[in-house]
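Scroll down for the structure; my scribbles are underneath it.
Just so you know, all these numbers are worked out from the coordinates, no wet-lab data involved. Model, not experiment: these values are computed from the prediction. Virtual Cβ from ideal backbone geometry, glycine too; neighbours counted across all protein chains shown.
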Amino acid sequence: MPPDRTAALSLRGMAKNFGSIVAVDAVDLDIPQGQICGLTGPNGSGKSTLFDCCTGLQKATAGRVFAGGTEVTGWEMHRIVREARVIRSFQKAVVLRAMTVEDNLVLAGQMVAFPGFLATFAIGRANRSGVRQLRERAGDVLDLVGLAHMRHADAGKISFGQQKLLQFATMLMADPRVILLDEPMAGVNPVLIERMIANINRANRDHGITFVVVEHNLDAMKALCHRLVVLSRGRIIADDTPDIVVRQPDVVEAYLAG
Amino acid sequence: MLIDVAVNGITAGSVYALVAVGMTIIFGVLRAINFAHGEYYMLGTFGAWWAIETVELPYLVSIPLAVAIVAVIALAIGMLVMRRLIDAPFQIGVVATLGVSLVLQNVVILIFGGSYKMFNGGWIEPVEILGAGVSEQRILIVIAALVIFGGIELVVRRTRFGKTMRAVAQNIEACKIMGVDVPRVVTGTFVLGCCLAALSGALTAPVTGSLYGGMGTAITVKTFAIIVMGGVGNVSGTLLAAWLLGLMESAVAGYLGLQFRDAVAFIALIGVLTVLPGGLFSRRERF
Amino acid sequence: MGTDRGLRAAGFAGMLAFLLAAPGFLGEYQVHALIVSLTFLLPALGLNLILGYAGMLSFAQMAFFGIGAYVSALMAMRWGTPFWLNLCAASLVAGIVAVPLGFPALRLRRYSFVMCTLGFAVIAQTLAKNWVSLTRGDLGLSNVPRPVLGLWSSGLEIRSVTQYYYLALALGVIAVLAFLALVSSPAGRYMIAIREDETLAASLGAPTWRYRMAAFVLSAMFAGCGGSFYVHYYTVISPTIFDPYYGNTLLVIVLGGGVGTLGGVVAGSFIFVALSEVLRVAPDIRMIAYGLLLIVVVFGCPEGLLPLLMRRLRTWRRADAT
């Protein structure tokens, strides 16, 4: 089946083996632009591996990945980020602790403001004006996300939930087309979860950003996602609206068994 | 010529093997490369030299004396410095052991002076083997190396200490939880490793002929090259890699010139690392 | 934060004023000590860049320093080229040599990288000792011409210690400004990110390998510059320049002074080099002191002495305010 080139993200035959262990087993998936797609499944079902293969963190054993019509199979992560604007978050390594909140955002926005390797060696006025614009933009994004009061705090000193919000904010700075969130609500208190859901919805509505969210928190998924895909043992076993999917017997069984 | 090269190579390789086993067991328990390792070799040489020149002991007695002196020094450094490297990030290990090497080297230079010294001792009378003259010392070195290797294997596999050492090397967290006195094992292993280096120094001294304070630096790097080539923690691999390096150096020294000898280890190291960059510090380590 | 920056700026201004006036009130040997520390400042800045900002512990700095020195010496001796050309050539050659060395080295991690860079210094020394037709081997090159400041072959010839000093100071200031520009640039920020968490930096679009190579090449260029000045000051160069003695001194400057900071490295250069020159400390005692210092610093205050001092000052000021 040919890939869907209008889709924000299109996977064909994605497979990843670790020796004899099959983590992802010939997955075909199309995620249309502007959708918020949830991805869930029991532990070990291949969700994170799927993410890793789409974003260049790991090389798939087989299969092809297309982002907005362009094939990105085998691309390095930074290239997928820069050229295809497919950006992912991490579960644990979340922010740059050595920098302030604002500097984290400035760094994330640099690839937009200073495109090209040599451009990043800008000094003097070119540097200062570019960075000033980034700082202004950072302020706007922080207001949006609800972290404005933490602007000059060290990123290592804010709470874990706030770090996750910060991580989300950095992804917005990079002018993304697709955002892949890896368990954005794990370890976060309910108030911040609400805020995260609001942020995702707003980014999706106002900027048309496509989201793929890996999560275990099914209530949040129901509230947030247009569509829920369930993986089990590397294969898709369900793909529909959240209400329908959570009631399917094989999904329930997969969760209990896995 | 070929016999010479072969004999020199096996001899040098045997010495390198002992030193390398020392470094590898230290790495096993501490996950740190001992940048001062060559200095303990140097101290072994100087200890034997001092025993012969100043205390006027026979060579045979100077060897254990040198090792004992180094054991005491290693114990002190093990308790003051090496213990703190448990679970420390690797850069701290590099800098700390580098600092130790600076101190050790220069204390020796301060006490004994920076000039080259001649080593008068050992059995350098040649014996005929396959039509070439081989000094008795070289034969002694090879035999001693094999004996000591066998001894180390015994210690590592049969004794309680050896088993504890392997346990710490495999899973230090589990050992801590089970009440193993990890700092003590680390210090003990460290002292053992340094004694091996010192013993090599004392054994080789008659063959190398001269000694000076800075002679340890080249040894450290060659040893690192050997454990990279042989596989960290892999004792038989280390032996093979050590002999290989010894032979290569000997061949280069014989056919190209002595001045190129020390660069061989580095080129070999860079060559190996270029081909397999990730393979060195993987979890697959065996004792 | 604001007062910190103010304090730092004041510190720099004060130090610069002192340095500008120094030959007026210091004796010739003391000025010489300052020249030596300025000479080491350049490769130390390079080491600071690669270690403190890009996070890689490299022992190759002195290899590039020596290469820069030999290039500069040979150019001056064979072609009579002016100083600025020798300086640029030394820096460029060092940078160019760093590229093929970086390819194998940057794939390595941790100990392997450290040892590989150490290997470069050893190989450089072996080359210097054996390529006798070029370097005259162990004898080294001597009677290297003094620097000529001019467009081509004529101009001001630097002769007196005071003249050398101001040349060294000018180079030092330029190097510091270049370093500052670099670490404040977006590229510098990427390097810091790569040091902290390489995967995270890549996920924010940073081509990490390219920046690590850039850091490696740029530090080599800093070192090459230093080597060029060195050889025109001492007018001799021999393979002993590749001895670990100098590399260890660099490490002490950077780690002891304040790795990852600018002021710390500058201060470190003056404290550890100038002071030990002025006190005429014997090299072996100096090395023992350096060794002990490294051990104490790495366990006690790994970020270096200057940041420690700044932190103490900050807590004192806060205590005063309460």
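Shape annotation for region C:164-322: C-alpha extents along the principal axes are 48, 46, 30 Å, from largest to smallest.
Averaged over the residues of C:130-138, the number of partner chain Cβ atoms lying within 10 Å of the residue Cβ comes to 1.
Projecting the Cα atoms of B:Leu18, B:Phe35, B:Leu203 onto the dipole axis of the protein assembly as shown, where Lys and Arg carry +1 and Asp and Glu carry -1 at the beta carbon, places B:Phe35 farthest toward the positive end. Computed over the alpha-carbon pairs of region A:171-258, the distance histogram in 5 Å steps reads 3, 12, 23, 23, 19, 13, 6, 2, 0 percent, short to long.
Against chain A, whose longest principal axis is taken from its Cα atoms, helix A:124-145 shows a tilt of about 50°. One decimal place: the segment A:Ala186-A:Asp243 gains 18.4 nm when fully extended, by the rule 0.36 nm per residue minus the C-alpha distance.
Computed from point charges on the beta carbon alone (+1 for Lys and Arg, -1 for Asp and Glu), the dipole magnitude for region A:195-258 about its Cα centre is near 200 Debye. With Rh defined as the Kirkwood radius, the inverse of the mean 1/r over Cα pairs, the Rg/Rh of region A:9-257 is 0.98. Percent relative contact order of chain C, based on C-alpha pairs within less than 8 angstrom and at least six residues apart? Relative contact order, chain C: 32 percent. The angle separating the long axis of helix B:261-275 from the principal Cα axis of greatest extent in chain B is about 40 degrees. The C:Leu177 and C:Arg136 beta-carbon pair, evaluated with R₀ = 25 Å, returns a calculated FRET efficiency of approximately 0.10. Kirkwood radius for region B:1-53, taken over all pairs of different Cα atoms as the inverse mean of 1/r, rounds to 12.9 Å.
Residue order for B:Arg184, A:Arg132, fewest other beta carbons within 10 angstrom first, comes to A:Arg132, B:Arg184. Legend: mean number of C-beta atoms from other chains within 10 angstrom of residue C-beta atoms, peptide A:118-127, equals 5. How big is the gap, in Å, between the Cα center of region C:154-175 and the Cα center of region A:86-153? The distance from the Cα centre of region C:154-175 to that of region A:86-153 comes to 41 Å.
Take every Cα pair under 8 Å whose residues are at least 6 apart in sequence, average their separation, divide by the length of chain A, and the relative contact order is 27 percent.
Here the dipole of region C:2-321 is about 420 debye; that uses its Cα centre as origin and unit charges on the Cβ of Lys and Arg (positive) and Asp and Glu (negative).
For chain C, what D do you get in µm² per second when you plug the Kirkwood radius from alpha-carbon pairs into Stokes-Einstein at 10 °C and 1.306 mPa s? It diffuses with D of about 79 µm²/s by this estimate. The length gained on full extension between B:Ile92 and B:Val275, counted as 0.36 nm times the residue separation minus their Cα-Cα distance, comes to 63.1 nm.
Measuring r between the beta carbons of B:Glu153 and A:Arg205 and using R0 = 51 Å, the FRET efficiency lands at 0.15. Neighbour counting of Cβ atoms within 10 Å sorts the residues A:His226, B:His37, fewest neighbours leading, into A:His226, B:His37. Describe numerically, in nm with one decimal, the distance between label points set 7 Å from Cα along Cα→Cβ at C:Ala13 and at A:Ala198. In this crude spin-label approximation the distance works out to 4.6 nm.
Divide the volume of the convex hull around the Cα atoms of the protein assembly as shown by the residue count and you get 205 Å³ per residue.
For the protein assembly as shown, lysine pairs separated by 8 or more sequence positions, or belonging to different chains, with Cα-Cα distances below 22 Å total 12. Counting every Cα pair in region B:102-217, what percent are over 25 Å apart? For region B:102-217, the fraction of Cα-Cα distances above 25 Å is 47 percent.
Membrane-span-like helices in chain C, defined purely by DSSP H runs whose alpha carbon atoms cover 20 Å or more axially and whose average Kyte-Doolittle hydropathy reaches 0.0, are C:2-25, C:28-47, C:61-79, C:83-105, C:110-130, C:161-184, C:208-234, C:283-300. Here, P(r) means the percent of Cα pairs in each 10 Å bin from 0 to the largest distance; for chain B it is 7, 29, 37, 21, 6, 0. Ordered by the count of other Cβ atoms within 10 Å of each Cβ, fewest first, C:Met213, A:Met171, B:Met42 give C:Met213, A:Met171, B:Met42. In plain terms, the chain from A:Ser129 to A:Thr6 could stretch by 40.6 nm, reckoned as 0.36 nm per residue minus the Cα-Cα distance. Against the compact-protein benchmark of 2.2 N^0.38 Å, the Cα-based radius of gyration of region A:10-131 scales to 1.27. Helix A:160-173 and the longest principal axis of the C-alpha atoms of chain A enclose an angle of approximately 80°.
Distance from the Cα centroid of region B:107-183 to that of region C:23-88 is 42 Å (rounded to whole angstrom).
Applying both filters, DSSP loop and at most 12 other Cβ atoms within 10 Å, to the chymotrypsin sites (Phe, Trp or Tyr not before Pro) of region B:82-119 gives B:Tyr116.
Amide H contacts under 5 Å for A:Val229: A:Gly38, A:Leu39, A:Thr40, restricted to partners 5 or more places along the chain or on a different chain, H placed in the peptide plane at 1.01 Å from N. The Cα atoms of region C:84-224 cover 53, 37, 23 Å along the three principal axes, with the biggest extent listed first.
The distance separating the Cα centre of region C:262-322 from that of region B:1-66 comes to 36 Å. In the protein assembly as shown, helical runs assigned H by DSSP with n ≥ 4 each contribute -39500 (n - 2.57); averaged across all residues and rounded to the nearest 500, the mean residue ellipticity at 222 nm is -20500 deg cm²/dmol.
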